[in-house]
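One structure is given below, encoded as C-alpha cells.
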Amino acid sequence: MKTFRFAPSPNGPLHLGHAYSALLNADLAKASGGRLLVRIEDIDQERCRPEFETAILADLDRLGIAYARPVRRQSEHFEDYRDALARLEAMGLVYPAFLTRAEIRARTDDPDWPRDPDGAPLYPGDDRALPHAEALGRIASGTPYALRLRMDEAVRRMGELRFEEAGAGPDGKAGLLTAEPGRWGDVILARKDTPTSYHLSVVVDDALQGVTDVVRGADLFHATTVHRLLQALLGFDAPRYHHHPLVRDAHGRKLSKSEGDTGLSELMAGGASTNDIRRRVGLPPAQPTPST
C-alpha cells in the first residue's frame, strides 16, 4: 500500500503553506488508494510545545484530512535514532565535532569557502583527526559537541546513488536523479543533548513507518541527497519523492511561522471553508465522498 506522510514541527501554528502540503498529501494518498500518516517532528524540545501539536491536529480535522492513527512523535522514539547512529558509528563514519558557531564563522570567513545548498559554510573538519582519547576526554569534561558524518568516506563507500523525483526541484528537475550528498559536507547527525538531527530522524522514521512517497516542499529538495545516502548506509529502501512548489506571499516570500504569517486556524475561524483554503493554495475543490 502506498504510504504518505505529513510531518509538521509543533513550534508554531500551521499556515497556508502547511495546508497545501497536508492537503496535497491527502489527495495523493486518496487517489492512489493508499494511506496518510501524520508525524510530529518535535526533536527540538526548546521550541516545540504540546499546545502547538494540539492546534495542528485540530487544523487537520477542520480541513477534513483523514489520517492513520496513532500519530508518531519523534520525542518518543529517541532509542530508534540512537540505534541508527550506533550503526553508523560502528562503520567508522561518525566523529565528535567541537568547534563552536563562532569558531566556524571565524574559520570560514572567506567568500571562496565552499557552502552547502542552503548557503551555509561547510564544516572545516578540524576535529576529524583528533585522537580518540582526547575526544572522549573533552566529551567527559562536558564540552559541547555535535556528532558529524564523515561525508567523503560515506560517499566513497556507497558510490553513486539515485532517487526518483516525481515533482520538480528548484531546478525543475524530475525523473531518476543523481544524489550529490557531498555538497553538504560533514552534516550533523546528533548533538550532545539530542541523540538525533533532522536528517537522521526523518530517514529512520520514513523507513520504520513504511513511507513509500515523500511529498514535501521544494525547499527540502537538496536535503534529499543526504537522506538518500543515509538510507543506503543503513540498508533502508528509498521512497519516491515529490517536491512541490512553496506557497508565497504577494512579494514572493515563502510563508513562515517565524515571520508571523496568518495562521490556518485564524483563517478558518474567520469563516474560510476547506474549499476556500484549497482555492487559495491552488488546489481543486474537494470531491465529496460517495455515500454507501
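The values are calculated or read from the model by the stated rules, or taken from the named source; none is laboratory data. In this text the structure is predicted, and so the values were computed from the model without any measurement. Ideal geometry is used to build each Cβ from the backbone, glycine not excepted, and the neighbour counts take in all protein chains shown.
Which condition number in (1) surrounded by fewer than 12 Cβ atoms within 10 Å (Cβ to Cβ); (2) farther than 25 Å from Ser141 by Cα is the one that Val71 fails?
(1)
Residue by residue through region 200-224, note down the ones that are under 19 Å from Met151 (Cα atoms) and more than 12 Å from the chain's Cα centre (by Cα).
Once the filter is applied, which keeps residues that are under 19 Å from Met151 (Cα atoms) and more than 12 Å from the chain's Cα centre (by Cα), region 200-224 yields nothing.
Restricting to region 172-199, name every residue that is in contact (Cβ under 8 Å) with a residue 12 or more places away in the chain and either more than 30 Å from Gly142 (Cβ to Cβ) or part of a helix (DSSP H, G or I) (or both).
Within region 172-199, Leu176, Leu177, Thr178, Ala179, Glu180, Pro181, Gly182, Arg183, Trp184, Tyr198, His199 meet the criteria.
Looking at region 22-36, I want the residues that are over 21 Å from Arg280 (Cβ atoms) and have a partner that is acidic (Asp, Glu) and not in a loop (DSSP other than H, G, I, E, B) with Cβ atoms under 9 Å, at least 6 apart or on another chain. Which pairs are those?
What qualifies is Ala29/Asp213; Ser32/Asp213; Gly34/Asp213.
Can you tell me which residue among Glu89, Glu41, Glu46, Glu51 is among the acidic types (Asp, Glu) and in the same structural domain as Val202 (by TED's automatic domain parsing)?
Working: Glu41 fails: in the same structural domain as Val202 (by TED's automatic domain parsing); Glu46 fails: in the same structural domain as Val202 (by TED's automatic domain parsing); Glu51 fails: in the same structural domain as Val202 (by TED's automatic domain parsing).
Only one candidate qualifies: Glu89.
With part of a loop (DSSP other than H, G, I, E, B), modelled with pLDDT of 95 or more, in the same structural domain as Leu99 (by TED's automatic domain parsing) and surrounded by fewer than 21 Cβ atoms within 10 Å (Cβ to Cβ) as the only criterion, which of Glu164, Glu160, Glu153 stands out?
Glu160
Which of the residues that make up region 103-126 are free of Cβ contacts under 8 Å to residues at least 24 places away in the same chain and under 16 Å from Ala223 (Cα atoms)?
Once the filter is applied, which keeps residues that are free of Cβ contacts under 8 Å to residues at least 24 places away in the same chain and under 16 Å from Ala223 (Cα atoms), region 103-126 yields Arg115, Gly119, Ala120, Pro121.
Considering each residue of region 17-47, count those that are among the aliphatic types (A, V, I, L, M), assigned to a helix (DSSP H, G or I) and in contact with a Leu (Cβ under 8 Å, 6 or more places away or on another chain), and give that number.
Within region 17-47, the first condition is being among the aliphatic types (A, V, I, L, M), and the residues that meet it are 19, 22-24, 26, 28-29, 31, 36-38, 40, 43.
So of that shortlist, the ones also assigned to a helix (DSSP H, G or I) come out as 19, 22-24, 26, 28-29, 31.
Going one step further and asking which of them are in contact with a Leu (Cβ under 8 Å, 6 or more places away or on another chain), we end up with 19, 22-24, 26, 29.
Residues flagged as among the aliphatic types (A, V, I, L, M), assigned to a helix (DSSP H, G or I) and in contact with a Leu (Cβ under 8 Å, 6 or more places away or on another chain) within region 17-47 amount to 6.
Any idea which of Thr178, Thr143 is closer than 19 Å to Arg101 by Cβ, among the polar types (S, T, N, Q), surrounded by fewer than 14 Cβ atoms within 10 Å (Cβ to Cβ) and in the same structural domain as Thr100 (by TED's automatic domain parsing)? Explain how you work it out, then say what you get.
Details: Thr178 fails: closer than 19 Å to Arg101 by Cβ.
The match here is Thr143.
Which of the residues spanning region 47-85 are of a type in the set (Asp, Glu) and more than 20 Å from Ala286 (Cα to Cα)?
The answer is Glu51, Glu53, Glu76, Glu79, Asp80, Asp83.
Taking region 204-251 on its own, how many of its residues are at pLDDT 95 or above, more than 17 Å from Leu28 (Cβ to Cβ) and of a type outside the set (Lys, Arg)?
Count: 21.
Arg47 fails exactly one of the following numbered conditions: (1) more than 22 Å from Gln209 (Cα to Cα); (2) of a type outside the set (Phe, Trp, Tyr); (3) in contact (Cβ under 8 Å) with a residue 40 or more places away in the chain. What is the number of that condition?
Evaluating Arg47 over (1) more than 22 Å from Gln209 (Cα to Cα); (2) of a type outside the set (Phe, Trp, Tyr); (3) in contact (Cβ under 8 Å) with a residue 40 or more places away in the chain leaves (3) as the failure.
Hey, can you tell me all the residues within region 77-118 that are assigned to a strand (DSSP E or B) and not charged (D, E, K, R)?
Of the residues in region 77-118, the ones assigned to a strand (DSSP E or B) are 94-97, 115.
Of everything in region 77-118, those that are assigned to a strand (DSSP E or B) and not charged (D, E, K, R) turn out to be Val94, Tyr95, Pro96, Ala97.
Being over 18 Å from Met1 (Cα atoms) and free of Cβ contacts under 8 Å to residues at least 60 places away in the same chain is the filter here; which residues of region 50-70 pass it? Give the steps one after another, and end with the answer.
We begin by selecting, within region 50-70, every residue over 18 Å from Met1 (Cα atoms); these are 50-65.
Of everything in region 50-70, those that are over 18 Å from Met1 (Cα atoms) and free of Cβ contacts under 8 Å to residues at least 60 places away in the same chain turn out to be Pro50, Glu51, Phe52, Glu53, Thr54, Ile56, Leu57, Leu60, Asp61, Ile65.
Any residue at all in region 84-100 that's under 28 Å from Arg216 (Cα atoms), in contact with a Leu (Cβ under 9 Å, 6 or more places away or on another chain) and not aliphatic (A, V, I, L, M)?
The answer is yes, given that some residue of region 84-100 is under 28 Å from Arg216 (Cα atoms), in contact with a Leu (Cβ under 9 Å, 6 or more places away or on another chain) and not aliphatic (A, V, I, L, M).
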